[in-house]
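The structure appears below as structure tokens.
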Amino acid sequence: MSPTQADKARLFQSLHQRTKPLLIPNPWDIGSARILAQLGFEALATSSAASAATLGRRDGRITREGALAHARSIAGATDLPVSADLENGFGHEPSVVAETILLGAETGLVGASIEDATGKEDNPVYDISHAAERIGAAVEAARSLPFPFTLTARAENFLHGKTDLDDTIRRLVAYEKAGADVLFAPALPDLAAVCVVCAAVSKPVSFMVGIRGKSFTVAELTEAGVKRISFGASFHRAAMTGLVEAAREAKAQGTFRYLDHVLTKPELNRFLTE
């Protein structure tokens with residue numbers, strides 16, 4: 001018997017409460033979701049960059065409807081809990097963010113992240129008070145659901161050239177006060193900054209592997225206090241790297257040595273359910 005959405009929601013919350021961090025990979029389609037489930041991961045998350053890439057678009061270039069359709073496909077691919085990268089909630093106003101959370105829950109999600117990035121080059125991050133109000137609205141929507149929906153609040157400073165750790169921490173503290181269940185600041189510069197962030201808040205902290213030179217081992221992140229480790233679009237990029245390298249070899253050299261390193265069809269089929 002498959003778990004209910006409420007079962008998945010309770011499991012997902014519990015996975016943030018143990019000493020061992022939750023490793024939560026980011027599939028980009030049904031096949032990759034099923035492969036990751038078969039490899040033994042306990043939960044999955046979408047990636048806005050990876051989901052956009054499946055449509056041939058750059059990160060931030062898909063609509064709310066497109067993101068929710070993608071989330072629905074990942075949530076339905078396995079019996080694992082799924083959280084979604086819902087970007088900035090696809091709107092500036094708190095009411096829009098709240099609506100996005102409710103719509104996300106309808107797709108089968110048991111969690112989602114909301115970021116404080118505006119999508120505007122001249123003003124890339126919301127004012128902290130408005131950002132906290134948006135998180136508060138998302139939390140209120142999440143709490144109205146009949147199961148424990150896990151709301152992650154993202155402080156995007158370091159992804160947008162604002163390398164102010166103190167401001168990042170003030171934001172995370174404000175989002176914690178607004179009720180966020182998990183706190184997340186992508187692209188922190190070093191392990192010391194990760195430690196400072198984890199010490200500054202009481203809610204679980206998520207860390208994203210995927211930035212060269214700014215990704216650390218599970219052991220190091222555990223010691224720093226991290227409770228969840230996601231992979232962003234890095235698994236998708238790894239798969240696309242394999243595609244590009246194989247195609248370049250075939251086209252430029254006329255050889256097919258890549259076949260020595262790829263799964264055979266029967267090996268791949270073992271991961272797939274149909």
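Computed from Cα atoms, the angle from the helix 94-106 axis to the main principal axis of the chain rounds to 40 degrees.
Treating only the Cβ of Lys, Arg, Asp and Glu as charged (+1, +1, -1, -1), what charge dipole size does the chain show about its Cα centre? Round to the nearest 20 debye. List each step's numbers first, then the result.
Details: 29 positive and 32 negative charges, 122 e Å.
Here the size comes out at about 580 debye.
Summarising the amide proton neighbourhood of Thr150: residues at separation of 5 or more, or on other chains, whose placed amide H is nearer than 5 Å comprise Gly111, Ala112. With contributions of -39500 (n - 2.57) from each DSSP H run of at least four residues, the per-residue ellipticity at 222 nm computed over the chain stands at -12500 deg cm²/dmol. Residues whose amide H falls under 5 Å from that of Val125, counting only those 5 or more places apart or on a different chain, are Thr118, with hydrogens built in the peptide plane. Computed from phi, the 3J(HN,Hα) profile of region 181-187 under the Karplus parametrisation 6.51, -1.76, 1.60 (θ = phi - 60°) reads 7, 9, 10, 8, 10, x, 6 Hz, with x in place of Gly and Pro. Summarised as an ellipsoid, region 43-119 has semi-axes of 18, 15, 10 Å, derived from the eigenvalues of the Cα gyration tensor scaled by 5 and square-rooted, with the largest first.
The peptide list 128-134, 59-65, put in order of mean Cβ contacts within 10 Å with the highest first, becomes 128-134, 59-65. For the chain, lysine pairs separated by 8 or more sequence positions, or belonging to different chains, with Cα-Cα distances below 21 Å total 12.
What is the Cα radius of gyration of region 98-142 over 2.2 N^0.38 Å, N being its residue count?
On the way: Rg = 11.8 Å, N = 45, 2.2 N^0.38 = 9.3 Å.
That works out to 1.26 for region 98-142.
Projecting the Cα atoms of His70, Thr19, Ala178 onto the charge dipole of region 5-233, computed from C-beta unit charges around the Cα centre, puts Thr19 farthest toward the positive end.
Since every read-out is calculated from the coordinates, none of them should be taken as a lab result. None of the values given here were measured: they were computed from a predicted structure. FYI the Cβ positions are ideal-geometry reconstructions off the backbone, even for glycines, and counts take in every protein chain you see.
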